[in-house]
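The values are calculated or read from the model by the stated rules, or taken from the named source; none is laboratory data. Fair warning: this is a prediction, and the values are worked out from it, not measured in the lab. Note that each Cβ is placed from the backbone with ideal geometry, even for glycine, and that neighbours are counted across all protein chains shown. Ligands, DNA and RNA are excluded from the accessible area calculation, which covers all protein heavy atoms including side chains. Shrake-Rupley method; radii C 1.70, N 1.55, O 1.52, S 1.80 Å.
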Amino acid sequence: MHFPPVNYLAVFVVAIVIFMLGALWYSPVLFMRKWLALQARTEEEMRAQAASANMPLMYTSAFITALLTSWVMAHLLGHFAAAVDPGVMSLNATHGALFGFVCWLGFAGPTSYATALFSGKPKQLWLIDSTYNLVCFMLAGLVLAVWR
């Protein structure tokens, strides 16, 4: 199978953006308090868990997952772009964001929703987590479509 060229610098930058968005998304500035409350946890419990966890490994793992998401999306977007007739249309930011939305709609959104249903988690918790994924996918698609 032929893989289209990928801008690996863009993949790396998108992984950093996803990682930093996660830090902001789950911070007190945005959704940390509501996210914790929906899990019936307190900030003190979260701090205690963080103190006993291997935080460098957790952050490294989170960055690797962001890198994997970015890399796969770059390849999918490259295949999509190769299928588009350049004389008719070239990819722009809107196409990239829409591509990210469709990837979320077809893969991340439904599978995470089904998991949340069967695990008994509150729908608001799914909404916080899944909207984070949606924003990540759309940002990744946007950047990777423009910066090819």
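Filter segment 1-33 for residues that are surrounded by 11 or more Cβ atoms within 10 Å (Cβ to Cβ), under 20 Å from the mean Cα position of the chain (by Cα) and not aliphatic (A, V, I, L, M) and give the result.
Once the filter is applied, which keeps residues that are surrounded by 11 or more Cβ atoms within 10 Å (Cβ to Cβ), under 20 Å from the mean Cα position of the chain (by Cα) and not aliphatic (A, V, I, L, M), segment 1-33 yields ASN7, TYR8, PHE12, PHE19, GLY22, TRP25, TYR26, SER27, PHE31.
Go through (1) within 28 Å of LEU38 (Cβ to Cβ); (2) surrounded by fewer than 18 Cβ atoms within 10 Å (Cβ to Cβ); (3) of a type in the set (A, V, I, L, M, F, W, C) one by one and return the number of the condition VAL72 breaks.
Result: VAL72 fails condition (1) only.
Exactly one of (1) open to solvent by 60 Å² or more (accessible area, probe 1.4 Å); (2) farther than 25 Å from THR131 by Cβ is unmet by ALA81. Its number?
All conditions pass for ALA81, except number (1).
I'd like to check something: does segment 112-125 contain any residue that is under 20 Å from GLY22 (Cβ atoms), without any contact (Cβ under 8 Å) to a residue 60 or more places away in the chain, open to solvent by less than 50 Å² (accessible area, probe 1.4 Å) and under 18 Å from the mean Cα position of the chain (by Cα)?
yes
Quick one: ASN7 ticks every box in (1) closer than 20 Å to TYR132 by Cβ; (2) in contact (Cβ under 8 Å) with a residue 12 or more places away in the chain; (3) of a type outside the set (Phe, Trp, Tyr) except a single one, so which number is it?
(1)
Would you confirm whether any residue within segment 61-69 is out of contact with any Ser or Thr (no Cβ under 8 Å at 6 or more places or on another chain), crowded, with 17+ Cβ neighbours inside 10 Å, in contact (Cβ under 8 Å) with a residue 24 or more places away in the chain and β-branched (Val, Ile, Thr)?
The initial filter retains those residues of segment 61-69 that are out of contact with any Ser or Thr (no Cβ under 8 Å at 6 or more places or on another chain), namely 61-69.
Then drop every residue that is not crowded, with 17+ Cβ neighbours inside 10 Å, which leaves 66-67, 69.
After this cut, where a residue has to be in contact (Cβ under 8 Å) with a residue 24 or more places away in the chain as well, the list is 66-67, 69.
Next, only the ones that are β-branched (Val, Ile, Thr) stay: 69.
For segment 61-69, residues out of contact with any Ser or Thr (no Cβ under 8 Å at 6 or more places or on another chain), crowded, with 17+ Cβ neighbours inside 10 Å, in contact (Cβ under 8 Å) with a residue 24 or more places away in the chain and β-branched (Val, Ile, Thr): present.
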